[in-house]
1. Report, ordered by the first and then the second residue, all pairs with beta carbons closer than 7 Å, sequence separation of six or more or different chains, a first member in segment 6-22 that is over 10 Å from L44 (Cα atoms), and a second member that is at pLDDT 75 or above.
2. Could you tell me whether L39 is modelled with pLDDT of 75 or more and assigned to a helix (DSSP H, G or I)?
3. Is it the case that segment 43-66 has a residue that's more than 18 Å from S87 (Cα to Cα), assigned to a helix (DSSP H, G or I), at pLDDT 80 or above and not aromatic (F, W, Y)?
4. Can you name every residue in segment 42-64 that is surrounded by fewer than 17 Cβ atoms within 10 Å (Cβ to Cβ) and β-branched (V, I, T)?
5. Against the condition more than 19 Å from the chain's Cα centre (by Cα), in a helix (DSSP H, G or I), aromatic (F, W, Y) and modelled with pLDDT under 85, how does F102 come out, does it pass?
Amino acid sequence: MVPAVQAQIFTTPILCIIWLAGFVLAIIKFRTSPRVAILFIAALIFAIIGQSLEALFLLTVSNMDVTIRLFPGSLRIVRTILNYAPSIFDVLSWALIFSAFFSVLAKKNES
């Protein structure tokens, strides 16, 4: 197995546990600051989707070469999407996390 796939297989469950803890904290803090909780939950959803797509891409990258030879045009688009989609979802999730963080800072400065 490719080392990148092995690393992805071991890190994904750890990240899911961290995201689950963050999700629980966001739900608990929802009454005090609902905007921050909603931004954080959306960021977690985007991060989970991005991580899942990255794991899917790494697991299918070796098997897809044979399939692309059989169906040359159609699966190249799927491979390209699976290649770039995790990065897009990661950027979106970090943007939402930073906006939640800075909205907390702005709320503290207003008080």
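The values are calculated or read from the model by the stated rules, or taken from the named source; none is laboratory data. Just so you know, these numbers come straight off a predicted model, no measurement behind them. Note: ideal-geometry Cβ built from the backbone for every residue, glycine included; neighbour counts use all protein chains shown.
1. Q8/E54; Q8/A55; T12/Q51; T12/A55; L15/Q51
2. Considered against the rule, which asks whether it is modelled with pLDDT of 75 or more and assigned to a helix (DSSP H, G or I), L39 comes out as yes.
3. The answer is no, given that none of the residues of segment 43-66 is more than 18 Å from S87 (Cα to Cα), assigned to a helix (DSSP H, G or I), at pLDDT 80 or above and not aromatic (F, W, Y).
4. I45, T60, V61, listed by residue number.
5. Details: more than 19 Å from the chain's Cα centre (by Cα): yes; in a helix (DSSP H, G or I): yes; aromatic (F, W, Y): yes; modelled with pLDDT under 85: yes.
Taking the combined requirement at face value, the residue satisfies it.
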